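Worksheet: the structure to be examined is printed underneath.
The values are calculated or read from the model by the stated rules, or taken from the named source; none is laboratory data. Every value quoted in this text rests on a predicted model; they were computed, and no experiment measured them. When we count neighbours, we look across all protein chains shown, and the Cβ atoms used for this are built from the backbone with ideal geometry, even at glycine.
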Amino acid sequence: MVLVVSTMLGLAANFAAGWLASRWPVQRLMGIGMAMLAVALLLLPMVRTYAHVIFYGVTMGVSGGIVTVVFFSIWGKVYGPSHLGKIQGCAQMMTVFASAVGPLLLAETLERTGSYDVMFYGLAGVVAVLGVGSWRVPVRTTPSGPIAVPSLPPKFR
């Protein structure tokens, strides 16, 4: 049920966040997405009822929808088109690496403490700090027009 709820609301949040991203500063949008993720992580160890499960699915879905839109839309605004593929490729590689390391860290936490709770509480704190940083740090953007490329000397044309 969580997968269905979070996926459907994540898709809806993609559209809403895309629309909002053209009207709001993206750092504010990211701050909201990160705050929702921090709440979901903080409350996950306390999930006990079906209503809690649904609330968790809603929060994770909406948060993921917002963060995904910002993740894929910010690079071109900040760095321009010159090396966009390299920048996005590196960011995506780090995301995949973190996704691979996460289960290992959770397993280690479970083995050492007998619970996943420590990891969820720690991650909630890290995400909250990053969310505040996202909200407060100004984003410098490149000019919206094409970036000037120097022409080649005549002998190389």
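What the table below lists for this structure:
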quantity	calculated
Some residue of region 133-147 being assigned to a helix (DSSP H, G or I), in contact (Cβ under 8 Å) with a residue 60 or more places away in the chain and surrounded by 12 or more Cβ atoms within 10 Å (Cβ to Cβ)	yes
Some residue of region 12-20 being within 14 Å of the chain's Cα centre (by Cα) and farther than 20 Å from Ala128 by Cβ	yes
Output for region 70-118, where each listed residue is at pLDDT 95 or above and of a type in the set (Lys, Arg)	Arg112
Among (1) crowded, with 18+ Cβ neighbours inside 10 Å; (2) modelled with pLDDT under 95; (3) under 21 Å from Tyr121 (Cα atoms) - the single one Val26 does not satisfy	(3)
Residue check for Leu105: surrounded by 12 or more Cβ atoms within 10 Å (Cβ to Cβ) and over 25 Å from Arg28 (Cα atoms)	yes
Breaking point among (1) assigned to a loop (DSSP other than H, G, I, E, B); (2) at pLDDT 95 or above; (3) of a type in the set (A, V, I, L, M), for Leu152	(2)
Filtered residues of region 119-143 (kept if hydroxyl-bearing (Ser, Thr, Tyr) and modelled with pLDDT under 95)	Ser134, Thr141, Thr142
From Ala51, Ala40, Ala13, Ala91, residue being over 20 Å from Tyr121 (Cα atoms) and surrounded by 17 or more Cβ atoms within 10 Å (Cβ to Cβ)	Ala13
Verdict on Ala124 being surrounded by 14 or more Cβ atoms within 10 Å (Cβ to Cβ), closer than 23 Å to Ala21 by Cβ and among the small types (Gly, Ala, Ser)	no
So Val78, is it β-branched (Val, Ile, Thr), under 30 Å from Pro45 (Cβ atoms) and over 11 Å from the mean Cα position of the chain (by Cα)	no
